[in-house]
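The structure appears below as structure tokens.
Readers should treat all values here as calculations from the given coordinates under stated rules, not as data from a laboratory. Computed from a prediction, not measured in an experiment: that's the story for all the values here. Quick reminder, even Gly has a Cβ in these numbers, built from the backbone with ideal geometry, and neighbours come from all protein chains shown.
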Amino acid sequence: MNDDFSAIARSVPPRLEQRGRAVELLPIVLFNTLLNILTMSIYRFWGKTRVRQYLWRQTHFMDEPLEYTGSGGELFKGFLAVFFLILLPLGTINNLASVYLDPDSTEFIVFNALFYLAIFFLVGMAIYRARRYRLSRTRWRGIRGAMVGSSAQYAIRYLMFWALTLASLGWAYPWMQVGLFKRIMEETRFGDRAFRVTATLGPLYRVFAICWFGALVLGLGIFAAIEYLTTAQLVIEGMVEGAAVPSWISSGIMLVVILPFVLMLWMPWYKAQEFNHLAAGTSFMAVSFRMDVTVWNLTGLTFFNLAILVLTLGFGQPFTQLRTFRYFCRRLQISGELDIDWIQQSNAAAPTMGEGLADAFDLGAV
């Protein structure tokens, strides 16, 4: 049987397809919505599993469907463990600090800093552990995925990269994206085989520099216009003569409000280039990848997904997941020959519970 498939596989291009249809997903969404309302959202763990099972089996690689083997019970147990072992103690400590520490004291400031550092650390850990669980429950022709690294080490990198990104006014962002992507992909396994990442920083920094300085120029223009109109209004109303906002307030508004907002307007173009660059720098055995993402189709995907979420009050999220699956499957081009016979089953330990941390922080598209 394996020899027969290997012979067929050599004639089938290594293509990833999403064959799901919204009309087929609709009954699952309606059933999940009804039970979530009746059970006060407790059913969401089983509902999420049903959606994943549908999306996975409608995703075909080389004409063979993926299989999702996770269960709602695993997700529920993971959430309970995280709630009682992490969230409840953290919430209790935070409440006690609010009661017994003076809000203006140094101790309270230090506590808050440490508390938010812990949250960032847990978010990084949640991202990694959620990926490990989903890969361990994903099979293709009986072969499952795995993660072989440490979620704690990834979380430390995640925390440090975000600290550098904030301290550098965003300039460490491409470095963070490449560094975290490289770490997580090179610790990803399909069977006993590893992915390889050779993506460099140079191409992304050229794009990011254009975005950052473009945002700065546009932000300065918006800021100057706002400050001029505000001052003119004050003068017209006779409130002050030759009024001007203090320079330190102006600088703060520029850095904290306007610049990040305008930078977000440039991000779709940067993210499109980032997807393409990271895909081109990734390989698996003799297979290479190429992504065809543009700013326009990425913006369209994001806009319509947000519209679906808003109009359905969040209950339409599975439709956005289907659209996202289909989008990336259509734009991912795979070249090279994949020799199935060289891939053996993974011997990495699989988690016994679902991604409780990711559910607690509402992370992940699926």
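The simple spin-label model puts a point 7 Å past each Cα toward its Cβ; for Ala118 and Phe213 those points are separated by 4.4 nm. Straight-line cross-link partners of Lys182 among the lysines, defined as a Cα under 18 Å from its Cα and at least 8 positions apart when in the same chain: Lys271. Placing a pseudo-label 7 Å from each Cα along the Cα-to-Cβ vector at Phe328 and Glu64 gives an inter-label distance of 2.1 nm. Shown in residue order for the stretch 265-280 are the 3J(HN,Hα) couplings computed by the Karplus curve 6.51 cos²θ - 1.76 cosθ + 1.60 at θ = phi - 60°: 5, 8, 4, x, 5, 5, 5, 4, 5, 5, 4, 5, 5, 5, 5, 5 Hz (x for Gly and Pro). To the nearest Å, what is the center-to-center distance of the stretch 32-49 and the stretch 304-359, using C-alpha atoms only? So the two Cα centres are separated by 20 Å. Count the net charge of all other residues whose Cβ sits under 15 Å from the Cβ of Phe181, scoring Lys and Arg as +1 and Asp and Glu as -1. My count for the surroundings of Phe181 gives +3.
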